[in-house]
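Here's the structure we're looking at; comments come further down.
The values are calculated or read from the model by the stated rules, or taken from the named source; none is laboratory data. Owing to the predicted nature of the structure, the values given are computational and were not obtained by experimental measurement. Don't worry about glycine lacking a Cβ; one is built from the backbone with ideal geometry, like all the others, and counts go over all protein chains shown.
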Amino acid sequence: MQELEKIKRVLGREIPGAPHEILLILDASIGQNALIQAREFLKVSGLTGIILTKLDGTAKGGIVVAIADELGLPIKFVGTGETDEDLVEFSPSAFVDALFT
């Protein structure tokens, strides 16, 4: 965590206003552990959003609700496969529709 703080300081020193965005990539299939990880990273890094991967398998993505509710962090992108095209901007309405279909 100290290394993350150092990276943030160096970026801020080299580029005015940096870092502009700090995203954490989490595996959606690990459930509550993803929430714990996000909580810990938020303490030291100033996270601005989350990218969730592996929403194509058995993960139902319930962690989306927990992260948004408890931490107030937006889900920016989701990964539903293994290629670049499988990383898409998160749509809350499409996510809710998919949960109930």
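A few remarks follow.
- Residue match in the range 85-96 (condition: closer than 19 Å to Gly31 by Cα, out of contact with any helix residue (DSSP H, G or I) (no Cβ under 9 Å at 6 or more places or on another chain) and at pLDDT below 90): yes
- Looking across the range 68-100, just one residue is among the hydrophobic types (A, V, I, L, M, F, W, C), touching a Gly at 6+ places or on another chain (Cβ under 7 Å) and part of a helix (DSSP H, G or I), and that is Phe95.
- Any hit, the range 49-57, residues being among the charged types (D, E, K, R) and free of Cβ contacts under 8 Å to residues at least 12 places away in the same chain: no
- A count restricted to the range 35-53 and to residues that are assigned to a loop (DSSP other than H, G, I, E, B) and either modelled with pLDDT under 90 or crowded, with 17+ Cβ neighbours inside 10 Å (or both) stands at 2.
- Members of the range 28-51 found to be closer than 19 Å to Pro92 by Cα and touching a Lys or Arg at 6+ places or on another chain (Cβ under 9 Å), listed by number: Ala28, Ser29, Thr48, Gly49, Ile50, Ile51
- Test: residue in the range 2-22 that is under 12 Å from the mean Cα position of the chain (by Cα), over 23 Å from Phe100 (Cα atoms), acidic (Asp, Glu) and not in a helix (DSSP H, G or I): yes
- In the set (1) over 19 Å from Gln2 (Cα atoms); (2) crowded, with 16+ Cβ neighbours inside 10 Å, Gln32 fails one condition alone, (2).
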